[in-house]
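Report on the structure given below.
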Amino acid sequence: QQQVKQSPQSLIVQKGGISIINCAYENTAFDYFPWYQQFPGKGPALLIAIRPDVSEKKEGRFTISFNKSAKQFSLHIMDSQPGDSATYFCAASIKVGPLGTGANNLFFGTGTRLTVIP
Amino acid sequence: SQTIHQWPATLVQPVGSPLSLECTVEGTSNPNLYWYRQAAGRGLQLLFYSVGIGQISSEVPQNLSASRPQDRQFILSSKKLLLSDSGFYLCAWSVRGQVFGSPLHFGNGTRLTVT
């Protein structure tokens, strides 16, 4: 059972355009929502993250919009560049293990392959 | 700054052979450590996590095991590999004790092919 649903599977955007990736979840115990960027043959790299008590977070060209009541969140990439071409994963975090350790399990979406055309 | 090292980068092993993947973290003390597996076309799935030396928790039943012999060393092992163990294995770390969501920082992974 996929705990985090991500769409679209692939996305092609012109240079300078806006890329939008959407995710949805069901488990209200999730307490942290990061986005990761992954290039071929590399591990995922943290891009931006948001807590559920915040509706929007912006870092440079990247913005997360979060709708707690709808249990949805999205990543917007403004002024998309060819260097942004990668696979993007949304994730939702839940605490695991002993209290106070801060250990958490990330449930990932299935990824969106973004291609930015020059 | 903190860095995470994983090796080897790629590995081809026959069915029934043993496995040992190693991960080390530098620049931080007492981190939480994780092993994830990424299957083609799917997101990552947590296999094991550790909140301290010798403390291992498993999230899914499988043919694999994990150990943490030192504070910043995490090892993924198998006594006998199965074809289904093929995949991309990622080690990650997070800051211990953070109250709210703590980001995971991933290594560059090991591509394992079991033949």
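The values are calculated or read from the model by the stated rules, or taken from the named source; none is laboratory data. Bear in mind that the values here come from a model prediction, so they are computed numbers and not experimental data. We place every Cβ from the backbone using ideal geometry, glycine too, and count neighbours over all the protein chains shown. Just so you know, the surface numbers come from the protein's heavy atoms only, side chains and all, with ligands and any DNA or RNA stripped out. Shrake-Rupley method; radii C 1.70, N 1.55, O 1.52, S 1.80 Å.
Within segment A:86-106, restricting attention to residues that are more than 7 Å from every other protein chain (Cβ to nearest Cβ) and not in a loop (DSSP other than H, G, I, E, B), which residue is most open to solvent (accessible area, probe 1.4 Å)? This residue is A:Lys95. Residues that are farther than 27 Å from B:Gly107 by Cβ and either in a loop (DSSP other than H, G, I, E, B) or more than 9 Å from chain B (Cβ to nearest Cβ) (or both) occur at least once in segment A:41-53.
Every test in (1) in contact with a strand residue (DSSP E or B) (Cβ under 9 Å, 6 or more places away or on another chain); (2) within 25 Å of A:Gly109 (Cα to Cα); (3) open to solvent by 50 Å² or more (accessible area, probe 1.4 Å) is passed by B:Ala39 save one, and that test is (3). Only one of B:Pro14, B:Pro8, B:Pro61 is in contact with a Ser or Thr (Cβ under 8 Å, 6 or more places away or on another chain) and away from chain A (no Cβ under 14 Å); which? Result of the check over B:Pro14, B:Pro8, B:Pro61: B:Pro14.
Looking across segment B:84-111 at every residue that is over 15 Å from B:Ile4 (Cβ atoms) and in contact with a Phe, Trp or Tyr (Cβ under 6 Å, 6 or more places away or on another chain), the one that is nearest to the other protein chains (Cβ to nearest Cβ) is identified as B:Gly101.
Among strands (runs of 3 or more DSSP E) entirely within segment B:4-115, having at least 3 residues that are among the small types (Gly, Ala, Ser) and over 20 Å from A:Pro34 (Cβ atoms) singles out B:65-70. Hey, among B:Leu81, B:Leu19, B:Leu33, which residue is surrounded by 20 or more Cβ atoms within 10 Å (Cβ to Cβ) and within 14 Å of chain A (Cβ to nearest Cβ)? On inspection, the qualifying residue turns out to be B:Leu33.
Of the residues making up segment A:1-56, those that are among the acidic types (Asp, Glu) and closer than 27 Å to B:Val60 by Cβ number 2. Condition check for B:Leu47 on (1) touching a Gly at 6+ places or on another chain (Cβ under 9 Å); (2) surrounded by 15 or more Cβ atoms within 10 Å (Cβ to Cβ): one failure, at (1). Across segment A:17-32, what is the total count of residues that are at pLDDT 95 or above and open to solvent by less than 50 Å² (accessible area, probe 1.4 Å)? Qualifying residue count, segment A:17-32: 6.
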